[in-house]
Protein chains: 2
Amino acid sequence: MNVLITGGAGFLGAALARRLAAQGVAGRSVERITLLDRAAPAQPIDDPRVCHVAADISDPAALERAIGEHTGTIVHLAAVVSGQAEADFDLGMRVNVDATRLILERARALGTRPRVVFTSSVAAFGGPLPARVADDTRALPQSSYGVQKAIGELLVGDYTRKGYIDGVTLRLPTISVRPGAPNKAASSFASGIIREPLAGLPAVCPVSTDVRMWLQSPDCAVSNLVHAISLDGALLGIDRTVNLPGLSVSVGEMIGALREVAGADVAARVRFERDPVVERIVTSWPSDFTAERARTLGFVADRDYASIIRAHLASHGVHTAA
Amino acid sequence: MNVLITGGAGFLGAALARRLAAQGVAGRSVERITLLDRAAPAQPIDDPRVCHVAADISDPAALERAIGEHTGTIVHLAAVVSGQAEADFDLGMRVNVDATRLILERARALGTRPRVVFTSSVAAFGGPLPARVADDTRALPQSSYGVQKAIGELLVGDYTRKGYIDGVTLRLPTISVRPGAPNKAASSFASGIIREPLAGLPAVCPVSTDVRMWLQSPDCAVSNLVHAISLDGALLGIDRTVNLPGLSVSVGEMIGALREVAGADVAARVRFERDPVVERIVTSWPSDFTAERARTLGFVADRDYASIIRAHLASHGVHTAA
Ligand SMILES: NC(=O)c1ccc[n+]([C@@H]2O[C@H](COP(=O)([O-])OP(=O)(O)OC[C@H]3O[C@@H](n4cnc5c(N)ncnc54)[C@H](O)[C@@H]3O)[C@@H](O)[C@H]2O)c1
Ligand SMILES: NC(=O)c1ccc[n+]([C@@H]2O[C@H](COP(=O)([O-])OP(=O)(O)OC[C@H]3O[C@@H](n4cnc5c(N)ncnc54)[C@H](O)[C@@H]3O)[C@@H](O)[C@H]2O)c1
């Protein structure tokens with residue numbers, strides 16, 4: 001297997017590369033993993049099968065060089081995240097829409113109908129929503145990021161229907177706890193309010209405790225990406241977009257779980273300071289899904305939020321009693 | 001008022017120009033109507049306020065010249081229709097997606113937040129559908145035309161949300177009876193099986209009599225476009241896409257109405273010859289809608305299909321008893 005990951009130096013991309021190198025996909029080993037990313041991975045991945053191509057995905061010539069007949073699978077993760085796509089509309093359109101199209105065109109040009117895994121988001125939804133989003137709930141995104149992801153979903157669907165690619169789009173929950181530095185996603189706090197206090201640092205929460213979010217751990221998200229790589233396209237039929245399962249957790253419950261796992265002193269490091277821009281974007285996203293189709297297709301969710309915090313600690317060498 | 005109509009030389013564009021010249025919009029008269037179209041109108045519109053600019057909408061320089069500060073309203077009708085967008089994917093993407101974006105960008109550059117009326121279609125829907133499509137039914141298009149229109153809807157929504165334009169998208173029913181020659185729309189037969197027999201010509205119907213369609217007369221469609229030009233954007237709120245009302249009519253009922261209005265000899269001029277490509281596209285479209293929101297907003301539908309045929313005859317100087 002030969003997998004190309006756009007945004008492969010990013011958080012999910014690097015984690016996916018490590019998992020693929022270690023475990024392969026559905027019993028098949030991976031011969032080559034190409035990380036196509038403007039940036040270099042924060043921590044180098046020390047494996048001879050993993051290579052990094054430094055390029056911008058909006059450069060067609062770079063795509064032509066990096067994606068070739070040998071490329072069996074493309075996992076397209078490079079994106080301008082929600083807060084930044086809202087602040088810089090043109091950048092979001094250029095990367096999230098135009099470059100996504102360039103990647104689909106390159107995949108089509110191969111003539112091999114490669115599997116393309118694309119990641120959309122809960123931000124594809126917005127406006128009046130049922131208490132639990134169903135698999136056939138309409139996407140009425142209320143952020144530029146959400147609109148751009150919804151356009152990507154439509155393109156992946158049509159390129160698949162036309163037989164140009166074999167596409168799957170995963171609508172990812174918000175990933176928590178994301179390691180490393182805060183990013184420009186409006187949901188960045190959903191990791192920060194856990195990660196910073198655990199590291200002994202103060203954290204600012206820009207939304208109130210009753211805001212609910214649809215969450216998934218990094219580990220679980222990577223398992224779902226791996227599952228999407230080998231999933232039989234026929235099982236998806238004409239609908240190539242999957243709402244992933246997740247956990248519906250309020251900010252208050254997240255901080256409660258932090259208190260439970262790490263103690264009241266740690267949880268007290270979270271300070272509240274409302275940010276209306278972040279709040280408007282985040283509360284436009286749905287906070288609960290049935291995700292029935294995804295479960296039937298074999299996608300997975302975490303057990304509960306406290307286990308997510310424990311797994312985050314364990315990945316940093318701190319082990320706690322469950 | 002100063003209105004620019006892309007595709008203004010086409011069927012709906014020319015009919016809209018005539019209506020605007022004759023009646024204005026909501027009591028306001030129209031000073032200038034610019035028809036931006038590659039082609040010239042089939043019949044010249046003899047009115048000093050109407051001018052034709054021969055240009056391709058995928059040419060940014062032409063858009064810059066034709067759309068200026070004086071442009072108060074843009075009605076964007078130019079499109080590659082369903083059958084052609086399916087046969088030539090790249091052409092459909094270039095005109096239906098890229099040029100739509102160029103037009104939205106040009107409108108944004110004006111800085112005046114102009115009203116932009118965009119026309120989508122029942123083809124934005126596909127896949128498993130309820131018997132009657134509701135206003136919140138999900139768009140899962142199963143043709144490239146439908147995907148491209150759905151992308152246009154998303155863009156019109158986001159450009160509006162960002163305050164760049166004041167947009168409205170109408171999801172038009174199939175227009176019947178469309179005068180003139182057949183076109184490359186998969187739905188072209190929905191006019192041909194009435195228009196040709198009435199003109200003494202044979203017609204081929206590529207789908208079976210039980211295929212149902214969601215229909216609207218040209219007159220009604222033009223009324224709805226005029227209504228969209230002056231509709232208060234605040235009434236639309238965050239959802240800028242409107243499913244227009246229409247008539248749900250089976251092909252058998254259409255031919256029955258033809259028999260009722262024009263006699264059995266005329267109706268006998270329709271011959272059936274199944275075309276699986278047309279059938280696949282047309283039966284992927286919904287054939288009935290609640291269209292509640294549109295009715296509340298003041299959009300209209302025809303009374304019944306026989307009156308549509310009578311109006312078509314009357315517009316050709318033939319008057320029949322109702
Ligand atoms: N993490 C989440 O909570 C979450 C939730 C929903 C969806 N997603 C989606 O999952 C994907 C991966 O997310 P992540 O959290 O790993 O993001 P990330 O920001 O950590 O990684 C994205 C990577 O893409 C690269 N990139 C961005 N623009 C590029 C360009 N023009 N050319 C080349 N590389 C470029 C960046 O350098 C970065 O390494 C994204 O598409 C994101 O929208 C993430
Ligand atoms: N007529 C219907 O049944 C129906 C139903 C649903 C939606 N619509 C939509 O309504 C709109 C108008 O439909 P119509 O029936 O009048 O179509 P039409 O084909 O009669 O007119 C379209 C016009 O656009 C022009 N055009 C196409 N590409 C162009 C380009 N690149 N540059 C400049 N001009 C270009 C053509 O020359 C033509 O005059 C279209 O967007 C169509 O998709 C129509």
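The values are calculated or read from the model by the stated rules, or taken from the named source; none is laboratory data. Keep in mind that what you see is a predicted model, and the values were worked out from it rather than measured. No Cβ is skipped: glycine too gets one built from the backbone with ideal geometry, and neighbour counts run over all protein chains shown. Keep in mind that these areas ignore ligands, DNA and RNA; they rest on the heavy atoms of the full protein, side chains included. Shrake-Rupley method; radii C 1.70, N 1.55, O 1.52, S 1.80 Å.
Data for the structure
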{"item": "Sole exception among (1) surrounded by fewer than 21 Cβ atoms within 10 Å (Cβ to Cβ); (2) under 30 Å from A:Asp288 (Cα atoms); (3) among the β-branched types (Val, Ile, Thr) for A:Val122, by number", "result": "(1)"}
{"item": "Top-ranked residue of segment B:184-194 - restricted to ones that are of a type outside the set (A, V, I, L, M, F, W, C) and out of contact with any Gly (no Cβ under 8 Å at 6 or more places or on another chain), ranked as nearest to the other protein chains (Cβ to nearest Cβ)", "result": "B:Ser187"}
{"item": "Search result, residues across segment A:158-167 that are more than 7 Å from chain B (Cβ to nearest Cβ) and crowded, with 24+ Cβ neighbours inside 10 Å", "result": "A:Tyr159, A:Ile165, A:Gly167"}
{"item": "Subset of segment B:136-148 [closer than 27 Å to B:Ala107 by Cβ and either at the interface with another protein chain (Cβ under 9 Å from one of its Cβ atoms) or open to solvent by less than 10 Å² (accessible area, probe 1.4 Å) (or both)]", "result": "B:Ala139, B:Pro141, B:Ser143, B:Ser144, B:Gly146, B:Val147, B:Gln148"}
{"item": "Segment B:18-64, subset more than 10 Å from ligand 2 (Cβ to nearest atom), open to solvent by less than 20 Å² (accessible area, probe 1.4 Å) and part of a loop (DSSP other than H, G, I, E, B), residue farthest from B:Ala107 (Cα to Cα)", "result": "B:Gly24"}
{"item": "Filter result (under 14 Å from the mean Cα position of the chain (by Cα) and either within 19 Å of A:Gly126 (Cβ to Cβ) or away from ligand 1 (no atom under 13 Å from the Cβ) (or both)) within segment A:189-222", "result": "A:Ala190, A:Trp214, A:Leu215"}
{"item": "Total residues in segment A:1-17, condition open to solvent by 20 Å² or more (accessible area, probe 1.4 Å), under 19 Å from A:Ser217 (Cα atoms) and of a type outside the set (A, V, I, L, M)", "result": "2"}
{"item": "Tally of residues being within 13 Å of chain A (Cβ to nearest Cβ), away from ligand 2 (no atom under 13 Å from the Cβ) and open to solvent by 50 Å² or more (accessible area, probe 1.4 Å) across segment B:67-89", "result": "1"}
{"item": "Residues of segment B:152-190 satisfying the condition of being part of a strand (DSSP E or B) and within 22 Å of B:Ser248 (Cα to Cα)", "result": "B:Thr169, B:Leu170, B:Arg171, B:Leu172, B:Thr174, B:Ile175"}
{"item": "Strands (runs of 3 or more DSSP E) (entirely within segment A:217-290) containing at least 2 residues that are open to solvent by less than 20 Å² (accessible area, probe 1.4 Å)", "result": "A:241-243, A:247-250"}
{"item": "Residue under evaluation B:Pro197, criteria (1) away from every other protein chain (no Cβ under 14 Å); (2) in a loop (DSSP other than H, G, I, E, B), criterion not met", "result": "(2)"}
